[in-house]
Amino acid sequence: MVTATDFLDEGDVVDLGDRMFAVLHTPGHTAGSLCLWDEAHGALFSGDAIYVDSKLGWEDPVAFAASLERLRDLDVRVVHGGHGRSFDGAELRTTVDAALRDLS
């Protein structure tokens, strides 16, 4: 078992030396969901906030919709989801739009 030594919050930056990831709080799937955004490389590590080829799930549909809209507006080149394959920004936007339609 590993004990957490710190927690990540919106706006924190994870600095790996050669890459930096901004922490984006993206609630909806769960209250504490977050993504890691490498703006310099256009790479998003989305966890369970967004992925393709499977139905997305959420606890809070209002927060989920707001988080999806936020992710859709990023200048993404590649998304690495918590499940399945990686995908590009165009597929991110298409998937977000479909998920938002399902929420309505």
Practice task
Report, by residue number, each residue of the range 88-103 that is under 14 Å from the mean Cα position of the chain (by Cα) and within 13 Å of residue 56 (Cβ to Cβ).
Solution key: 92, 95, 96, 99
Problem - Residue in the range 59-83 that is nearest to residue 24 (Cα to Cα), counting only those that are touching a residue at least 40 places away in the same chain (Cβ under 8 Å) and hydrophobic (A, V, I, L, M, F, W, C) - result: 71
Exercise for the section: Kindly indicate the residue of the range 86-104 that is in a loop (DSSP other than H, G, I, E, B) and among the polar types (S, T, N, Q) and also nearest to residue 47 (Cα to Cα) among those meeting that condition. Expected result: 86
Exercise for the section: Might you check whether a residue that is free of Cβ contacts under 8 Å to residues at least 24 places away in the same chain and either over 12 Å from the mean Cα position of the chain (by Cα) or farther than 24 Å from residue 7 by Cβ (or both) occurs anywhere in the range 33-49? Expected result: yes
Practice task
Could you tell me whether any residue of the range 9-27 is assigned to a loop (DSSP other than H, G, I, E, B) and buried (at least 17 other Cβ atoms within 10 Å of the Cβ)?
Solution key: yes
Practice task
Could you give me the residue pairs with C-beta distances under 8 Å whose first residue belongs to the range 84-104 and is within 8 Å of residue 52 (Cβ to Cβ), whose second residue is assigned to a helix (DSSP H, G or I) and β-branched (Val, Ile, Thr) wherever it lies, and which are 6+ apart or on separate chains?
Solution key: 87/95
Practice task
Quick one: in the range 40-61, of everything that is assigned to a loop (DSSP other than H, G, I, E, B) and hydroxyl-bearing (Ser, Thr, Tyr), which residue is surrounded by the most Cβ atoms within 10 Å (Cβ to Cβ)?
Solution key: 51
Exercise for the section: For residue 37, state whether it is at pLDDT 95 or above, of a type in the set (Phe, Trp, Tyr) and surrounded by 20 or more Cβ atoms within 10 Å (Cβ to Cβ). Expected result: yes
Handout entry: Filtered residues of the range 62-85 (kept if of a type in the set (Gly, Ala, Ser), part of a helix (DSSP H, G or I) and either more than 9 Å from the chain's Cα centre (by Cα) or surrounded by fewer than 17 Cβ atoms within 10 Å (Cβ to Cβ) (or both))
Key = 63, 65, 66
Fill in the blank from the handout: When every residue in the range 86-104 that is over 21 Å from residue 66 (Cβ atoms) and small (Gly, Ala, Ser) is compared, the one surrounded by the most Cβ atoms within 10 Å (Cβ to Cβ) is 86
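The values are calculated or read from the model by the stated rules, or taken from the named source; none is laboratory data. From a predicted model like this one, the values you see are computed outputs, not experimental measurements. Using ideal geometry, Cβ is built from the backbone for each residue, glycine included, and neighbour counts are taken over all protein chains shown.
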